[in-house]
There are 2 protein chains.
Amino acid sequence: MKRCLFGLTALWLVSMAASALAQTDQPAIKDDFKPSSLNQPGQEYPQVNSQGYARFRIMAPQAQSVSVGLGGRGGTALARSESGTWTGTTEAPLDEGFHYYHLTIDGGTFNDPGTLNFYGSTRWESGIEIPAHDQDFYALKNVPHGRVQKVLFPSKSMNTCPRAFVYTPPDYDKDPKVRYPVLYLQHGWGEDETAWSEQGRANLIMDNLLAAGAIRPFIIVMAYGLTNDVKFGGLRDFDIKPFQTVLVDELIPYIDANFRTLSDQAHRAMAGLSMGGMETKTITLANLDIFSHIGLFSGGTFSLEDVDKTPGFRQKVKLVFVSFGSHEIENPRGGRGMFGGDPKANEDALKKAGINSAFYVSPNTAHEFLSWRRSLREFAQMLFKD
Amino acid sequence: MKRCLFGLTALWLVSMAASALAQTDQPAIKDDFKPSSLNQPGQEYPQVNSQGYARFRIMAPQAQSVSVGLGGRGGTALARSESGTWTGTTEAPLDEGFHYYHLTIDGGTFNDPGTLNFYGSTRWESGIEIPAHDQDFYALKNVPHGRVQKVLFPSKSMNTCPRAFVYTPPDYDKDPKVRYPVLYLQHGWGEDETAWSEQGRANLIMDNLLAAGAIRPFIIVMAYGLTNDVKFGGLRDFDIKPFQTVLVDELIPYIDANFRTLSDQAHRAMAGLSMGGMETKTITLANLDIFSHIGLFSGGTFSLEDVDKTPGFRQKVKLVFVSFGSHEIENPRGGRGMFGGDPKANEDALKKAGINSAFYVSPNTAHEFLSWRRSLREFAQMLFKD
């Protein structure tokens, strides 16, 4: 009975969306749908319209049920046409930016064959991109481009050569005498070292900031944070030591030996999103002789208590940066509540105490990649200002 | 009726395979199945046994039919268990090496959520790896590793900055005075610039050959060959000019300006697999002032006629290398028949004419990546021997 009721509700929502009927609290759905920019070559679906609605179309003629799951953003049941395709439109517009999703077909979980896959939720998931009003800052433009290098670095602690990605700025190979600061940039739970240069577009954000003269050139290192062995919700049991060993004892020495880095504390930063922010806070506070600039994107805040209980914080930390998506701040179950302390009040207290502290809120986004693309853009402009 | 018969046949095959009954012409299936090395983290299926049989398991409780399509290697219908999973084993062992596949679920095409995806057949497909007896040469080992760099190079002809991948050998950044030869290495129809470093494992093949002292260090450049706008079978209509423009007029100058290359003809090679071999033959013969070493992997042969009708061939070409999988040679519809001339007879004729010519046959493989991994291993050892 429950399933049946859900089916009816979902069908009503799809029908409402597809017929573009104006509801009192929902604008009419504009018929200007275009393929998502993340679609596989030549694929027409999924599509997105100018209001941010997403429309899905799946071919599965003999299926009994097909629906789209958009993480915390709810589900969209698709309706079958006579030709055997299943089509549906989201109940409401999606936030601007990148979203993971998957299909449920006859009770099984699959990806949409129309779009590219991105590693999230400990699996390769489908991705869709809602064009953002400020998408220019992460667009592929006709500017000089840096490179994203896949490295395999030796790790005794892991007994293998794990993969990491390294962004080098456009002029990196022009002058072999120039050395660069380094940002170690971590993904979130369920993601891996591919996240920041794929769904995060970190390399394009850097290329565009550099072309605009807005930042000092630096290297970004993106490694796997060993986050995925922990079940979501069991984060308190996460042991930071294995990743700290890989990062501090193995990866950093490899990077400093194989890239032209400025290898002193003043020129090394660490930041991370969500669980990568938790990792960043723990590792940097335990290693203030190694890191000077710290960024937490939707992954905790810094309080005066953190400062007072960490020897050397006031002398060694050059910047603490905290950010959230506005929907995280609005929602008491996200943002402030979840991550220990009001971020704005914390920032004010730190500033009063003379700490170089910054707080950024990404407008109209939640715990998702547009918040973090914008956070990187803001954070990058504050880094290595010596 | 036809579908019904197919269904019965397939069910019989699966049942035969799963129950491991010894048939007169088929050995018993050993019960030593292990997860494929290409599975997503933590995924138990697909699995492979020591004989090369593949076993698939898909969760889709309400599905009507689930089958596995393995390209030219036929299909495997899966049978539903009471728990809602669908399981089946291939009718026969698969060739060693990498294979693309996909699922057909209730008439729709999807990927197996258990395994990684690889770009082939103009879409991201599921991949499975049958351990090869000689897999050591492309294994991730504890040796110095080169890097695979994602570059975005300016292309006026394409009016964008297309992506290419560049392999640099392990010591590339050690001495800024050393310059390297370059191999331009092309994927096949339906694939893209990711193929050689992912399913091809070109970087690991190079790392291992270099660690063994078997080759001279060189750079490999892997770009998209613009092959996917042509329908398979319509290859005769393919226009080489747009890709030749990107490669010769845009990519090569970018690589020579941004990497420490030896940029003369003697130190530039081109090779490609399948349709990439056709591209290689056409572009190199039209540009013998640019390329000196040429490799065709399952993508055509060189005849004395090619030599005679190409001005400067005898003076300028330092190596022609041709390879096929043995199953291509055995099958008159593949190999010799398809690609214009008996490759062994052609090699003999070229050798008699004083051309440095090599012919390699990959044992017990077809038109697939293990043939090409081995071809790269052989070809690399013959390159840049000046």
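Could you report the stretch A:136-380's accessible area per residue, 1.4 Å probe, as an integer in Å²?
38 Å²
Grab the beta carbon distance between B:Ser121 and B:Asp256, set R0 = 35 Å, and tell me the FRET efficiency rounded to 0.05.
0.55
Can you name the helices of chain A, as whole DSSP H runs, whose Cα span along the helix axis is 24 Å or more and whose Kyte-Doolittle mean is not below -1.0?
A:2-19
Gain in length, B:Met158 to B:Ala212, computed as 0.36 nm per residue apart minus the alpha-carbon separation, to one decimal in nm?
15.4 nm
From the label point of A:Gln62, set 7 Å from Cα along Cα→Cβ, how far away are the matching label points in the other copies, in nm, ordered shortest to longest?
Ordered by increasing distance: 1.7 nm.
Farthest toward the dipole's positive end in the stretch B:65-175, which of B:Gly75, B:Ser121, B:His102, given Cβ charges of +1 (Lys, Arg) and -1 (Asp, Glu) about the Cα centre?
B:Ser121
Which residue, chosen from B:Ala366, B:Ile283, B:Leu319, occupies the Cα position most advanced towards the positive end of the dipole of the stretch B:136-380, where the dipole is computed from +1 (Lys, Arg) and -1 (Asp, Glu) charges on Cβ about the Cα centre?
B:Leu319
Which value, in debye to the nearest 20, gives the size of the charge dipole of the protein assembly as shown about its Cα centre, when Lys and Arg are +1 and Asp and Glu are -1 at the Cβ?
The calculation lands at about 780 debye.
Using every pair of alpha-carbon atoms in the stretch B:34-131, split the distances into 10 Å bins beginning at 0 and state the percent of pairs per bin, rounded to integers.
With 10 Å bins starting at 0, P(r) equals 17, 54, 28, 1.
Beyond 29 Å between alpha-carbons counts as too far, so tell me which of A:Lys156/B:Lys174; A:Lys281/A:Lys352; A:Lys174/A:Lys281; A:Lys241/A:Lys316; A:Lys177/B:Lys281 fall in that bin.
In this structure, A:Lys174/A:Lys281; A:Lys177/B:Lys281 lie more than 29 Å apart at Cα.
May I ask you to report, in nm to one decimal and beginning with the shortest, the distances from A:Lys352 to the same position in the other copies, taking label points 7 Å along Cα-to-Cβ?
Reported distances to equivalent positions: 9.5 nm.
In the stretch B:45-92, what residues drop by 50 Å² or more of accessible area when the other protein chains are put back, versus the chain on its own? Use 1.4 Å, and skip ligands and nucleic acids.
Those residues are B:Gln62.
Report, to the nearest whole %, how much of the accessible area of the protein assembly as shown belongs to carbon and sulfur atoms, 1.4 Å probe, protein only.
C and S fraction of accessible area: 53 percent.
Which one of B:Pro154, B:Pro35, B:Pro217 has the biggest mean-square fluctuation once chain B is modelled by GNM with Cα springs under 10 Å?
Evaluated over chain B, the most mobile residue of the options is B:Pro154.
For chain A, what is the calculated [θ] at 222 nm in deg cm²/dmol (nearest 500), taking -39500 (n - 2.57) for each run of four or more DSSP H residues and dividing by its residue count?
-6500 deg cm²/dmol
Does any residue of the stretch A:253-273 lose at least 30 Å² of accessible area with all protein chains in place compared with its chain alone, and if so which ones (probe 1.4 Å)?
With the partner chains in place, the stretch A:253-273 has these residues losing at least 30 Å²: A:Asn258.
Need one number: buried accessible surface between chains B and A, 1.4 Å probe, both sides summed, DNA, RNA and ligands left out, in Å² to 100.
Approximately 3600 Å², summed over both chains.
When every alpha-carbon pair in chain B is counted, what percent end up more than 41 Å apart?
I get 18 percent for the Cα pairs in chain B exceeding 41 Å.
Among the aspartates and glutamates, which fall within straight-line cross-link reach of A:Lys34, defined as a Cα-Cα distance under 16 Å, with same-chain neighbours fewer than 8 residues apart omitted?
List returned: A:Glu44, A:Glu96, A:Glu129.
Rounded to the nearest whole Å², what accessible area per residue is found for the stretch B:34-131 with the 1.4 Å probe?
So the stretch B:34-131 comes to 35 Å² accessible per residue, rounded to a whole number.
The values are calculated or read from the model by the stated rules, or taken from the named source; none is laboratory data. All values derive from a computational prediction rather than experimental measurement. Please note: Cβ atoms are built from the backbone with ideal geometry, for glycine as well, and neighbour counts cover all protein chains shown. Quick note on the areas: whole protein, heavy atoms, side chains included, nothing else; ligands and nucleic acids left out. Shrake-Rupley method; radii C 1.70, N 1.55, O 1.52, S 1.80 Å.
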